[in-house]
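The values are calculated or read from the model by the stated rules, or taken from the named source; none is laboratory data. Keep in mind it's a predicted model, so treat the numbers as computed, not measured. With ideal geometry, Cβ positions are generated from the backbone for all residues, glycine too; neighbour counts draw on all protein chains shown.
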Amino acid sequence: MSREAIFEASLAFFLSPVQAFLEDPTVTEVMVNGCDAIYVERQGRLSRTEARFDSEDSLLTAVHNVAQYVGREIDENRPVLDARLPDGSRVHAVIPPSARQGTYLTIRKFSREVFELDHLVRLGSLSAVAREFLDVCVRLHKNLVVAGGTGTGKTSLLNALSTAIPAEERIVVIEDSSELRLQQPHTLYLEAQQADTRGRGGLSIRDLFRASLRMRPDRIVVGEVRGGEALDMIQSMISGHSGSMTTVHASNPRDALVRLETLSLMSDVEIPVYVARAQVASAIHLIVQLTRLSEDGSRRISRITEAHGLEQDRYQFRDLFVLQMRGRDQRGRLQGELEPTGLAPTFAAEAAEQGLLDQIRLTRELWT
């Protein structure tokens with residue numbers, strides 16, 4: 001029996017109180033708020049279940065088992081754990097004393113299906129016109145940021161956008177916990193590592209990013225920027241590694257750039273605020289904004305916005321596509337479509353310069 005199979009069997013045993021939810025395709029997230037309060041998310045809505053762990057000790061044992069599987073540690077000195085299950089589901093745990101009501105365990109289920117942009121069109125999350133526009137932008141090596149709140153589907157959209165990258169390119173993927181699955185054959189995956197109790201062996205996303213620059217990547221895809229690595233990413237974007245992609249927590253395009261600016265200032269390199277702002281403005285070309293609609297819990301791309309520099313020290317934006325709502329369908333779900341605003345991107349001429357016009361059908365007026 002392989003080590004992987006042993007861990008899978010062990011985890012299935014310790015997580016047995018929530019195993020049915022992990023196997024339920026309609027459940028997207030499992031939230032354990034102590035041993036006797038378990039919630040699940042279905043179609044964007046939360047509901048409490050009757051499931052429970054036998055005791056707080058059994059829940060804590062399950063968390064330690066997950067930590068052991070990924071080679072990390074969680075204890076009173078390091079009460080927070082980011083990990084993954086064998087199927088790729090993302091795990092976040094917080095234990096006492098930081099968790100005041102018992103052990104907290106959140107499992108974001110991993111989707112085995114890799115969505116392509118065409119699939120998002122069929123689901124109604126993306127219009128055919130916007131799909132072609134994003135496809136061209138990726139092939140033009142535009143730097144993209146997928147922005148949205150927690151649980152809006154940023155990683156899934158990033159995966160879908162990556163399918164537009166040409167198969168012959170060399171791609172380096174950097175993540176805190178591996179979630180992305182790219183289809184291109186020449187893809188290298190790097191995952192951050194937690195230091196041991198003596199502070200040895202740790203590798204941060206920033207460490208991995210610096211290492212990736214020596215691996216001759218055509219593109220760098222960062223699962224999410226959360227700290228000072230934002231400065232390294234921004235500087236690499238403006239110094240030859242165009243076509244990079246990442247996600248960031250933000251509720252609108254302006255907040256996305258402000259967050260990247262703030263994270264850049266968190267690095268150990270001291271730079272003035274105006275320098276960080278100028279670099280972010282120069283590096284980022286497009287923000288794809290995701291929104292969860294509170295009315296029906298659905299997740300939608302609400303706008304595609306171009307960032308085009310600074311004016312009087314303020315970021316300048318141009319909405320290229322905006323979600324237009326059409327009412328509700330027979331099931332009460334909100335209906336809408338991502339429609340062009342009529343504005344062309346400032347880099348419109350590049351499609352002709354790169355010889356892509358003969359492959360453009362639906363958005364030709366935006367590129368000529």
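Give the residue, chosen from Ser125, Ser98, that is among the hydroxyl-bearing types (Ser, Thr, Tyr), part of a loop (DSSP other than H, G, I, E, B) and not assigned by TED's automatic domain parsing to the domain that holds Ala167. It would help to see each step written out before you state the result.
Numbers: Ser125 fails: not assigned by TED's automatic domain parsing to the domain that holds Ala167.
Criteria check complete, one pass: Ser98.
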Tell me, yes or no, whether region 144-159 has at least one residue that is in contact with a helix residue (DSSP H, G or I) (Cβ under 6 Å, 6 or more places away or on another chain) and farther than 30 Å from Ala67 by Cβ. yes
Number of the condition not met by Leu180 [criteria: (1) in a loop (DSSP other than H, G, I, E, B); (2) at pLDDT below 90; (3) in contact with an Asp or Glu (Cβ under 8 Å, 6 or more places away or on another chain)]: (3)
Being farther than 13 Å from Glu224 by Cβ, of a type in the set (Lys, Arg) and under 18 Å from the mean Cα position of the chain (by Cα) is the filter here, so list the residues in region 131-185 that pass it. Lys142, Arg181
Strands (runs of 3 or more DSSP E) within region 273-349 that include 2 or more residues modelled with pLDDT of 95 or more: 286-292, 299-311, 314-328
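Restricting to region 221-264, give me the number of residues that are polar (S, T, N, Q) and surrounded by fewer than 22 Cβ atoms within 10 Å (Cβ to Cβ).
Filtering region 221-264 down to residues polar (S, T, N, Q) leaves 235-236, 239, 242, 244, 246-247, 251-252, 262, 264.
Remaining after also requiring surrounded by fewer than 22 Cβ atoms within 10 Å (Cβ to Cβ): 235-236, 239, 242, 251-252, 262.
Final tally of qualifying residues: 7.
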List the pairs whose first member sits in region 348-359 and is closer than 12 Å to Arg139 by Cα, whose second member is not in a helix (DSSP H, G or I), and whose Cβ atoms are under 7 Å apart, counting only residues at least 6 apart or on separate chains? Glu350/Leu140; Ala351/Leu140; Ala351/Ile360; Gln354/Leu140
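Restricting to region 233-261, what's the tally of residues that are under 30 Å from Gly44 (Cα atoms), of a type outside the set (A, V, I, L, M, F, W, C) and part of a helix (DSSP H, G or I)? Spell out how you get there, then give the answer.
First, pick out the residues of region 233-261 that are under 30 Å from Gly44 (Cα atoms): 244-260.
Checking which are of a type outside the set (A, V, I, L, M, F, W, C) leaves us with 244, 246-247, 249, 251-255, 259.
After this cut, where a residue has to be part of a helix (DSSP H, G or I) as well, the list is 253-255, 259.
So the answer is 4.
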